[in-house]
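Reviewing the structure listed below.
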Amino acid sequence: MIKWIAALLGYFMFRFPGAVLGFIVGTFLDNFGGSGKRTGSIFENVTRQSVSPADFELNLLSLCSIIIKADGQVNQRELDYVRQYFLSTYGKEKANAIFRTFNEVIKKREISAQRICTFMVQRTRYEVRLQMLHFLFGIAQSDGQVSKAEIEKLREIAGYFRVNQHDFESIMAMFIKSTDNAYKILEIEKTATDDEVKKAYRNMAKKYHPDRVVTENEAIRKGAEEKFKEVQKAYETIQKERGIS
């Protein structure tokens with residue numbers, strides 16, 4: 001509707017060129033505010049490309065290697081964690097093919113966290129990147145602790161992924177235990193009211209529900225399920241602590 005009004009006004013002011021310009025501007029406004037049905041940027045469908053499974057797997061494995069090397073030493077348990085995850089997810093034949101391709105690629109170019117993350121930001125939804133970060137935390141924690149150097153590297157990757165601070169702290173709380181972990185996971189303070197706790201849980205459950213993670217990558221889908229369980233566990237912990245029904 002706006003586009004026709006804008007076209008008419010443009011015609012009265014600048015004749016035919018004004019009508020064309022008004023129609024274009026009106027179309028933009030219609031798309032931007034139309035009926036409240038749209039969510040996210042109107043340019044999302046134009047600029048957000050899909051990533052092929054092969055590219056996704058290769059870039060995910062590249063980020064894995066960055067985390068494994070983050071503290072200056074290659075830990076066998078972290079290597080085993082990544083290998084086992086890929087083997088259980090893709091099967092031996094495909095996993096080995098992914099590893100071979102990865103080894104060939106890293107011989108030809110340096111792995112850049114910024115380049116990889118920029119590539120993924122342009123081609124994946126925010127929810128998928130959250131699960132990738134969750135998976136990377138799992139690698140760092142697989143040797144029993146997440147080192148300071150690994151945390152800094154994960155924070156750097158989160159920045160390149162455009163993950164906000166609250167979401168980063170929530171994911172980190174699932175791997176680095178503290179007395180207020182459940183609250184950090186739900187992204188609230190311990191002083192939050194019971195109603196605020198319930199609202200936070202509903203919001204987090206929506207954000208991390210596996211159905212929102214649209215990806216063909218089985219490893220990331222599994223990560224989404226794990227994170228969703230952590231959110232549920234955090235809420236149950238606070239429920240018991242406060243006696244919330």
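The values are calculated or read from the model by the stated rules, or taken from the named source; none is laboratory data. Computed from a prediction, not measured in an experiment: that's the story for all the values here. FYI the Cβ positions are ideal-geometry reconstructions off the backbone, even for glycines, and counts take in every protein chain you see. Only protein heavy atoms, including side chains, enter the accessible area calculation; ligands, DNA and RNA are left aside. Shrake-Rupley method; radii C 1.70, N 1.55, O 1.52, S 1.80 Å.
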Inset, instruction - Could you list all residues from region 155-192 that are part of a helix (DSSP H, G or I), within 16 Å of Val231 (Cβ to Cβ) and not small (Gly, Ala, Ser)? - result: His166, Asp167, Phe168, Glu169, Ile171, Met172, Asn181, Tyr183, Lys184, Ile185
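Yes/no matrix, rows are residues, columns are (1) open to solvent by 30 Å² or more (accessible area, probe 1.4 Å); (2) modelled with pLDDT under 85; (3) on the phi > 0 side of the Ramachandran plot; (4) not acidic (Asp, Glu):
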position	(1), (2), (3), (4)
Leu9	yes, yes, no, yes
Gly18	no, yes, no, yes
Gly26	no, yes, no, yes
Arg83	yes, no, no, yes
Inset, instruction - Output the residue which, of all residues in region 117-157 that are surrounded by 20 or more Cβ atoms within 10 Å (Cβ to Cβ) and of a type in the set (Val, Ile, Thr), is nearest to the chain's Cα centre (by Cα). - result: Val128
Inset, instruction - Please specify each residue of region 191-211 satisfying the condition of being at pLDDT 85 or above and either touching a Phe, Trp or Tyr at 6+ places or on another chain (Cβ under 8 Å) or open to solvent by less than 30 Å² (accessible area, probe 1.4 Å) (or both). - result: Ala192, Val197, Ala200, Tyr201
Legend entry - Residues within region 83-120 that are without any contact (Cβ under 8 Å) to a residue 24 or more places away in the chain and more than 27 Å from Glu225 (Cα to Cα), tallied: 9
Inset, instruction - Within region 46-60, identify whether any single residue is part of a loop (DSSP other than H, G, I, E, B) and either crowded, with 16+ Cβ neighbours inside 10 Å or without any contact (Cβ under 8 Å) to a residue 60 or more places away in the chain (or both), and answer yes or no. - result: yes
Legend entry - region 158-184, subset of a type outside the set (Ser, Thr, Tyr) and within 20 Å of Arg221 (Cβ to Cβ), residue most open to solvent (accessible area, probe 1.4 Å): Phe175
Inset, instruction - Scan (1) of a type outside the set (D, E, K, R); (2) modelled with pLDDT under 95; (3) out of contact with any Asp or Glu (no Cβ under 6 Å at 6 or more places or on another chain) for the single condition Met174 breaks and write down its number. - result: (3)
Inset, instruction - Please find, within region 193-215, the residue that is farthest from Glu127 (Cα to Cα) out of those that are in a loop (DSSP other than H, G, I, E, B) and free of Cβ contacts under 8 Å to residues at least 40 places away in the same chain. - result: Thr193
Inset, instruction - Looking only at region 85-93, decide whether some residue is open to solvent by less than 10 Å² (accessible area, probe 1.4 Å) and among the hydrophobic types (A, V, I, L, M, F, W, C). - result: yes
Inset, instruction - Determine the pairs where a residue that is in contact (Cβ under 8 Å) with a residue 40 or more places away in the chain, located within region 222-237, has a partner that is crowded, with 17+ Cβ neighbours inside 10 Å and of a type in the set (Gly, Ala, Ser) with Cβ atoms under 7 Å apart, the partner being 6 or more residues away or on another chain. - result: Ala234/Ala182; Thr237/Ala182
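Do you know which of the residues in region 106-122 that are at pLDDT 90 or above and in a loop (DSSP other than H, G, I, E, B) is farthest from Lys177 (Cα to Cα)?
So, considering only residues that are at pLDDT 90 or above and in a loop (DSSP other than H, G, I, E, B), the one farthest from Lys177 (Cα to Cα) is Gln122.
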Inset, instruction - From Gly144, Gly159, grab the single residue that is modelled with pLDDT of 90 or more and more than 17 Å from Phe56 (Cβ to Cβ). - result: Gly159
